[in-house]
Structure formats: C-alpha cells, structure tokens
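Colleague: Take this structure first; my questions come after.
A short reminder: the numbers here are calculations on the coordinates, not readings from a lab. What you see is a predicted model, and the numbers here were worked out from it, not measured in a lab. Backbone-built Cβ (ideal geometry, glycine too); neighbour counts: all protein chains shown.
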Amino acid sequence: MRPLVSLSPQSIPSHMPIDRDPIDRDNVYSILSQDPIMKDLLDNRSIDSFAVQDTLYHELSAAIVYQQISVKAADAVYLRFRDLVGWDYTPQIVAHYSIEDLRSCGLSRQKAGYIFNIAEYFTTHVNIENQIDQLTDQEVIQKLTEIKGVGVWTVKMVLMFYLQRPNVFPYEDLAIAQVMQALYDVSEDKKVAKAQMLEIATKWEPYRSTASFYLWAWKRWQRMLSQHKS
C-alpha cells in the first residue's frame, strides 16, 4: 500500500496539496453512493492525506522501493537511498553509483537494477515529464511499462497519486482484492475475481480512483481494529 506521509517537505510539489478529499469535488459522492456498500464507506470511513514525489522520475523510483515490503521498512530504505544519492537526485547522479552502493541502502539486487533501468530511461527520454500529462491512462501504462521492473500496478499508482487521474482501478492490488472479497463477496479464484471486480467497479466510473482510496481506508481501519484487539 501507498506511504501516506511525505519523507521531506521537498517531496511535495506545489501543485499537489496533501490534505484534500476528492469526495468533495464535483458529483463524486452522488455517483459513488449509488452503490450501497460504497456509500457506507463514504459515510463512515475517511481517506488519509498522502504526499507524492516532486517529479515523475522520483515517483517511479520511490514506487520501486515501496514494492512488496511494509511501508515502515520502505520508509527506512528510501531515506537511506536519498541520503546516498541526494534529495534532488537525477538519473545522471544515480548512474554514477553501483549496484552494491544501492544494495547498501537495503535494496535487493533486483530492485537496485530496476532503479538503474528507470534512470537510463529518463536519460534517454528527457521530455517524458512534459509529455505525460497529454497521454491517456492506457498510453501512460504502455509507455512506462517499457521500463524493465515497472509493471502495471506501479504505473497505476503513478496515475492515481502523482497524476491524480480520477478513473483508475488497481484491481491488481492485493489489499483491493482482499477488501472486495470481504465486502462484495468476490471469488478467491483470481480469474473469476478479476471479472467480478471490474464489473462491480463499472458502478464507480468515472471516479474509480476515489472508490479505491476508500477501499484502502477500510483495509487500514480493519488493521487498526485488529491491532487494538491484540
């Protein structure tokens, strides 16, 4: 799941406030509340503030760090990484380091390789930051998944958090699948579950991103309840 706090003031771009609630915009509530289960989430849960990195390059690099480990562990690794390469690191700066240098920060060899792949991509695609806003969601996915190590889930996180695209549904996310199994009785069979989740999510269009934020909020609430009981 996504880290909910910024690691430094520099990581919050001026165009990205971290304390907004998308439910207050436009007709989001009227659309999503037509689903009674989602309406209950909107009425009783709240989404946390979150922050993003200051550039697309930093956002993708951070996403690699945060893959498949706890937020607490990833926070520590990313802090060590930025201490090593600097808070304003560029692809050119990262290229001067070795795999072993990055591994000393707590990155696996595989993740360190992916970090270098991203740096190489941004070195040869110098205008990608300016071009990305003009692309559709699917075009962004197709372009960024050209980078070895950057998968669809990672790009969807970029779309939702960094680019603030409103209609992204990360059905690949384990927490999303778990919540939908609990609340919507979605199958545990992956192929069946995918079809069911996509069908359910049609009711949330064009605000599937906001719906996903509330599914994550329910997951965090359940975790807090479990911790309190223990």
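Colleague: If you rank Arg223, Arg45 by fewest surrounding Cβ atoms within 10 Å, what's the result? Write down the numbers at each step before the final one.
Modeller: Details: Arg223 12, Arg45 16.
So the residues, fewest neighbours to most, are Arg223, Arg45.
Colleague: Another question about this same structure. Per the Kirkwood formula on distinct C-alpha pairs, the Rh of the chain is how many angstrom?
Modeller: On the way: mean 1/r = 0.0534 Å⁻¹.
For the chain, the Kirkwood estimate is 18.7 Å.
Colleague: In terms of the ratio Rg/(2.2 N^0.38 Å) built on C-alpha atoms, what value belongs to the range 56-147? It would help to have the intermediate numbers written out before the result.
Modeller: On the way: Rg = 13.3 Å, N = 92, 2.2 N^0.38 = 12.3 Å.
Dividing the Cα radius of gyration by 2.2 N^0.38 Å gives 1.08.
Colleague: Express in nm, to one decimal, how much length is gained between Gln222 and Ile93 on full extension, taking 0.36 nm for each residue of separation and deducting their alpha carbon distance.
Modeller: Values: separation 129, 0.36 × 129 = 46.44 nm, distance 4.16 nm.
Full extension of this stretch gives 42.3 nm more.
Colleague: By its C-alpha gyration tensor, with a ≥ b ≥ c as the square roots of the eigenvalues, how is the range 93-209 shaped: rounded for a/c under 1.5, else prolate for a/b larger than b/c, else oblate?
Modeller: oblate
Colleague: For the chain, what is the calculated [θ] at 222 nm in deg cm²/dmol (nearest 500), taking -39500 (n - 2.57) for each run of four or more DSSP H residues and dividing by its residue count? Let's see the in-between values first.
Modeller: Values: 13 runs with 129 residues, N = 230.
Using -39500 (n - 2.57) per qualifying helix, the result is -16500 deg cm²/dmol.
Colleague: Further question: How do 85-98, 144-157, 126-139 rank on mean C-beta neighbours within 10 Å, highest first?
Modeller: Working: 85-98: 14.4, 144-157: 18.1, 126-139: 11.6.
Top to bottom by mean Cβ count within 10 Å: 144-157, 85-98, 126-139.
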